[in-house]
Amino acid sequence: MADSGAGDPRDEQEQAEFAALPQAAQKRLVEMRGSGEERRLFTSDLSTSEFLLVKEAGFDPVGLVVGSSIYHVGYQAAAFSRNQEMTVLTQAMYHARELAMTRMEEEAEALGADGIVGVRLEVNHREWGQHIAEFVAIGTAVLHRDPSGRFRNKHGRPFTSDLSGQDFYILLRSGYRPLGMVMGNCVYHVARQGLNQWVATMGRNAEMVQYTQALYDSRELAMERMQREAEELGAKGIVGADVHENSHSWGPHVIEFFAVGTAVEEISADHVIDPPALVLPLSD
């Protein structure tokens, strides 16, 4: 654990967070961190190229970190013919992901890491019930070799990023740094088409305005919430943003849009951007 000084509330919080981790995780993290300046072993899900580029960027991988939350997603009824956000489901899906991310960050904190790269967020539905799912966050914790480097976020926590090792290297070399992985989601009920609507469009080319508006609104809500998280971190922008669509187990008329990306800020006015290079593969 990081030494913040005797009686420091942050140090006490870190100890409490570490104690909340599973005992097997505590043992693994303590063994990887080692004592003093000498670490015993690191684990990583980075490819060889990613590993070498992260090293070239001045960071050392210190361990694979994981967070998990098995969550029961509640029930919410929706009007048959009305477009509406399913706020109960939206909150459940966001909170479950946030729990997994926070626990992954706690493992990185226990390793003394400055950040986590290559973060993946996964949702795995289990056979224990239709509304039970496991939310998993996994990535590689990294530590900058210069102890004076400023890479933690504004809250003093390790940064998170879903960028690959290659993109992470290019980002830093170009004068930017990651602040955190930001996300927003929206679970939305898409109204069913009434009989009159079905008859009116049968055999005709016509926009399904009700469906268009539902998907448009829900995407916009997810993206707006992602942007709000970036603004709270004081970010200059978001890179690698993506919007995922999934129905999970709710049926065809309830859909979730999940927006995720890496918030970044400028750390240098001198942006070194390498020109594109032609690469010819030797394999067939």
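The residues of the stretch 105-116 that are in contact with a Gly (Cβ under 6 Å, 6 or more places away or on another chain) and either modelled with pLDDT of 95 or more or among the acidic types (Asp, Glu) (or both) amount to a single one, ILE116. Considering the stretch 124-167 alone, what residues qualify as being under 21 Å from the mean Cα position of the chain (by Cα), hydroxyl-bearing (Ser, Thr, Tyr) and assigned to a loop (DSSP other than H, G, I, E, B)? Listed by number, the residues that qualify are SER161, SER164.
If you go through the stretch 45-63 and keep only what is over 14 Å from PRO158 (Cβ atoms) and either touching a Pro at 6+ places or on another chain (Cβ under 9 Å) or of a type in the set (A, V, I, L, M, F, W, C) (or both), you end up with LEU46, PHE51, LEU52, LEU53, VAL54, LYS55, ALA57. Kindly evaluate ALA235 against the criterion of being assigned to a loop (DSSP other than H, G, I, E, B), within 19 Å of the chain's Cα centre (by Cα) and without any contact (Cβ under 8 Å) to a residue 60 or more places away in the chain. Against the criterion (assigned to a loop (DSSP other than H, G, I, E, B), within 19 Å of the chain's Cα centre (by Cα) and without any contact (Cβ under 8 Å) to a residue 60 or more places away in the chain), ALA235 qualifies.
Restricting attention to the stretch 55-85 and to residues that are at pLDDT below 80 and surrounded by 15 or more Cβ atoms within 10 Å (Cβ to Cβ), the residue that is farthest from GLU17 (Cα to Cα) turns out to be ALA78. A single entry from VAL272, VAL239, VAL260 fulfils the requirement of being under 24 Å from VAL117 (Cα atoms), among the aliphatic types (A, V, I, L, M), in contact with a helix residue (DSSP H, G or I) (Cβ under 8 Å, 6 or more places away or on another chain) and surrounded by fewer than 16 Cβ atoms within 10 Å (Cβ to Cβ): VAL272.
If you filter the stretch 100-148 down to residues that are without any contact (Cβ under 8 Å) to a residue 24 or more places away in the chain and within 23 Å of TYR169 (Cα to Cα), you find that the one that is surrounded by the fewest Cβ atoms within 10 Å (Cβ to Cβ) is SER148.
ASP11 satisfies every condition listed in (1) over 25 Å from the mean Cα position of the chain (by Cα); (2) part of a helix (DSSP H, G or I); (3) at pLDDT 80 or above except (3).
When THR262 is tested against the conditions (1) at pLDDT below 95; (2) assigned to a strand (DSSP E or B), the lone failure is (1).
For the stretch 66-120, the set of residues classified as farther than 19 Å from ALA25 by Cα and polar (S, T, N, Q) consists of GLN76, SER81, ASN83, GLN84, THR87, THR90, GLN91, listed by residue number.
If only residues of the stretch 37-54 that are acidic (Asp, Glu) and not in a strand (DSSP E or B) are counted, the one that is surrounded by the most Cβ atoms within 10 Å (Cβ to Cβ) is GLU50.
The values are calculated or read from the model by the stated rules, or taken from the named source; none is laboratory data. The structure displayed is predicted, hence computed values, not measured ones. Positions of Cβ are backbone-derived with ideal geometry, glycine not excepted, and every protein chain shown enters the neighbour counts.
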